[in-house]
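What follows is a single structure, written as structure tokens, with notes after it.
Please treat every number below as a calculation from the coordinates, not as lab data. All figures in this text were calculated on a predicted structure; none of them were measured in a lab. Don't worry about glycine lacking a Cβ; one is built from the backbone with ideal geometry, like all the others, and counts go over all protein chains shown.
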Amino acid sequence: MKAQALHGHLDALLLAVLEQGALHGYAIIEALRARSGGTLDLPTGTIYPALRRLERAGYVASEWSIVNGRERRTYQLTEAGGRALAGERAGWREFSATVGRFLGADEPPTAPA
């Protein structure tokens with residue numbers, strides 16, 4: 001799946017991944033890939049700008065650490081990020097239910113008489 005298809009949903013997906021705990025950037029990419037069954041294979045050029053955007057918004061906090069001699073930036077969900085994720089989930093349920101009324105039915109609804 002291309003990053004463009006996720007327009008408007010990537011931030012929510014990143015927040016949901018970080019809900020499980022703090023992760024460094026590559027681990028976030030791997031978590032997206034794993035949780036999507038390989039469908040979401042997004043490049044770093046898509047993920048890192050989104051993480052910086054979420055950090056500027058206060059939804060994600062980051063810190064640098066050294067792991068096996070390499071510097072890594074670890075990201076974690078903030079309280080504000082948890083609230084934003086709850087709002088994203090509510091909005092997704094409403095959107096999904098609405099679109100499902102059109103695309104989820106096998107047969108079109110009968111027009112009122």
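Could you please report the charge total around Ala80, scoring K, R as +1 and D, E as -1 over all other residues with beta-carbon less than 14 angstrom from its beta-carbon?
-2
Distant-in-sequence amide contacts of Ala57, defined by a placed amide H-H separation under 5 Å and a gap of 5 or more residues or a different chain, comprise nothing. Across segment 57-101, the volume of the C-alpha convex hull divided among the residues equals 92 Å³ per residue. Helix 79-103 axis versus longest C-alpha principal axis of the chain: approximately 30°, rounded to the nearest ten.
Using a cutoff of 8 angstrom between alpha carbon atoms and counting only pairs six or more residues apart, the relative contact order for the chain works out to 26 percent.
Take the Cα of Ala34, step 7 Å toward its Cβ, do the same at Ala97, and the gap between the two points is 3.2 nm. The angle between the Cα long axis of helix 44-56 and the main principal axis of the chain comes to about 90°, on a 0 to 90 degree scale. Counted by neighbouring Cβ atoms within 10 Å, the residues Glu30, Glu63 run from fewest to most as Glu63, Glu30. Against the chain, whose longest principal axis comes from its Cα atoms, helix 25-35 is set at around 30 degrees. From the alpha carbon centroid of segment 76-94 to that of segment 1-63 is 14 Å. Go ahead and estimate [θ] at 222 nm for the chain from helices alone: -39,500 (n - 2.57) per DSSP H run with n ≥ 4, summed, over the residue count, rounded to 500. Theoretical 222 nm ellipticity from helices: -16500 deg cm²/dmol. On the beta carbon distance between Glu71 and His7, with R0 = 41 Å, the FRET formula returns roughly 0.85.
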